[in-house]
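Chemist: Attaching a single structure in structure tokens format; questions to follow.
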Amino acid sequence: MRRAIILIFGICIHISVWAVTQVSISDPETWRYTDLKKYVGQTVQFDVPFYVCNNYNSLLISPRRTYSATNQALPLSAEYSSILSLNSQGSISLTGVSGYHRLGERLHNLTVKVNSQSSVSLVSCDWRGNTRAEMEKGIDLESIDMRGEHTLLVCCMNLEYYLVENWGTGYGPDNQSEHTKQRAKVSKALAKINADLYGFVEIEQGQSALAELAADLSKNTGRRFTYIDDGGSASGSYTKAGYVYCSDVLEPHGSLRYNNEGVNNRKKTQAFREKATGEIFLYSVNHFKAKVSSGAYGDNVDKGDGQGAFNGDRVREAKSVLSHYGSDSYYYGDEDILIMGDLNAYAMEDPITVLREGGMIDLHRAFHADSSYSYVYRGQAGYLDHALCNATLYPHVTGMVAYHINSDESDSYTYDKSSDQTMFRCSDHDPVIVGLRLDSTTMNNGHITTNSYDVLYHNATPCIRNAEGGYYVVYRPDGNMVMSKHITMQEERIEGLSQGLYILNIYGNGKCWQTKLLVP
């Protein structure tokens, strides 16, 4: 603080003026709160926006979103350890804030009083991005058409124990009043999404819950929705995987197929025919074993590698999805498959690696690089809710998105804790939505004549080798696209990148190959 002395009509007036120190953060991805130590007691303004990365009780902010380590790096790898270290030192406590703020909201022109190296008080800022108002406008939903206009919309969502009866077991609603509030929030969210096909997990066994949501969708959208009857009846608070679809647009092709590896009723496949085109695809909805440690033994014991307990069971479930795909595709007479659901494993964990190595394309990473998430645990984002497809369906995928109406919300807005009747925080997982165009139109995937393409560096300039005919997209780690270009040369130079870390996607032959670029 400095003092200014002003002489007015012969009277000396002392005015306190706060000096604001400009703080530059050269690399938000590696910033640590210890950098604030030298500014304790000062008022500073940052030259980059900060994100709300935790809103439980108090606000934590960081110049980057914090992600689960196994969502971006292989368990126990050097990168995994680096992410853990950065996460532990990447956020600071913000006091003096009024009103409700979601995770991911950005504080631009942030000016704070530095109380300690890990705590600051708000002086002023501009709040932007990821607000409820933006979610209502459907800004996230634009990603379903990143490669063309969809004609079919598929959504999968964990409903966090959607029960219509058997209340009071400690899971889901405890009574009719709570169910009514849960139903109102979920139905508003589904109507906003307005998909043609829904896959649900954590929905009550039997048909009553599915019938209720189909009726609500019909009422709220003006279209006709029905459900796949699996013949089961309600049993306590047990949940299952289930299907609701718009009968104006789709019809089932063949009968429902079950995969009962692990927990019964939580892995199913149904083929659907699009009425307008006659095209068929398989839709596999899954809910893998949770990470809770109770009862774990053998290869299910938590190894401390970030994957949690029952990783062995989830690996077996992933392998079973691939093995059932072979018989299911033969039964339905079509190989195009979309695999969705809560797999209780982050992107780089063993079960997802099994699916990728089995030929499935991770649509989160294909369309959003390292920035995708559907779930937030203790301030760390990642996606447990997956969307994968095989190479024959991929050229017909227009885009995908996790619609952040739930994971960034405070837990205090759930139906059992609040009178809030909006669609927000209707579950603890975000709905994941995929756009499809099943007619003869295919998205621009390019044709590469070799499968041995790779990346090398010439004088610090990255080059793509042997991918002529495909195309590439470069993203920043926050998911923002930097450039996109068709590959026309045997060694295609990626020029114009400033110093830093990037995500490179190479598309060709119905596949997406991803790696990281470090530009020195």
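Chemist: Does Y171 meet the test of being in contact with a Ser or Thr (Cβ under 8 Å, 6 or more places away or on another chain) and at pLDDT below 95?
Modeler: Here the answer is yes, as Y171 does meet what is asked.
Chemist: List the helices (runs of 4 or more DSSP H) that sit entirely inside segment 264-379 and contain at least 1 residues that are free of Cβ contacts under 8 Å to residues at least 24 places away in the same chain and out of contact with any Ser or Thr (no Cβ under 6 Å at 6 or more places or on another chain).
Modeler: Per the criteria, 311-332, 350-357.
Chemist: Tell me which of these N459 doesn't satisfy, since it passes every other one: (1) buried (at least 20 other Cβ atoms within 10 Å of the Cβ); (2) at pLDDT below 85; (3) of a type outside the set (V, I, T).
Modeler: (1)
Chemist: Turning to a different aspect of this structure: If you go through segment 371-390 one residue at a time, do you hit one that is under 19 Å from T269 (Cα atoms), surrounded by fewer than 24 Cβ atoms within 10 Å (Cβ to Cβ) and not basic (K, R)?
Modeler: Checking segment 371-390: at least one residue is under 19 Å from T269 (Cα atoms), surrounded by fewer than 24 Cβ atoms within 10 Å (Cβ to Cβ) and not basic (K, R).
Chemist: Continuing with the same structure: Any residue that is within 24 Å of L338 (Cα to Cα), under 27 Å from the mean Cα position of the chain (by Cα) and in the same structural domain as L153 (by TED's automatic domain parsing) - is there at least one of those in segment 228-238?
Modeler: Yes: segment 228-238 contains one or more residues that are within 24 Å of L338 (Cα to Cα), under 27 Å from the mean Cα position of the chain (by Cα) and in the same structural domain as L153 (by TED's automatic domain parsing).
Chemist: Based on what the data block shows, is G168 in contact (Cβ under 8 Å) with a residue 60 or more places away in the chain, part of a loop (DSSP other than H, G, I, E, B), surrounded by fewer than 17 Cβ atoms within 10 Å (Cβ to Cβ) and not assigned by TED's automatic domain parsing to the domain that holds Y507?
Modeler: No.
Chemist: Sticking with this structure for a sec: For C426, indicate whether it is farther than 23 Å from G508 by Cβ, over 15 Å from the mean Cα position of the chain (by Cα) and among the hydrophobic types (A, V, I, L, M, F, W, C).
Modeler: Criteria met by C426.
Chemist: A follow-up question, please. Regarding segment 268-285, can at least one residue be identified that is more than 25 Å from E212 (Cβ to Cβ), crowded, with 20+ Cβ neighbours inside 10 Å, of a type in the set (V, I, T) and in the same structural domain as G172 (by TED's automatic domain parsing)?
Modeler: Scanning segment 268-285 turns up no residue that is more than 25 Å from E212 (Cβ to Cβ), crowded, with 20+ Cβ neighbours inside 10 Å, of a type in the set (V, I, T) and in the same structural domain as G172 (by TED's automatic domain parsing).
The values are calculated or read from the model by the stated rules, or taken from the named source; none is laboratory data. If you're wondering where the values come from, they're calculated on a predicted model, not measured in any experiment. FYI the Cβ positions are ideal-geometry reconstructions off the backbone, even for glycines, and counts take in every protein chain you see.
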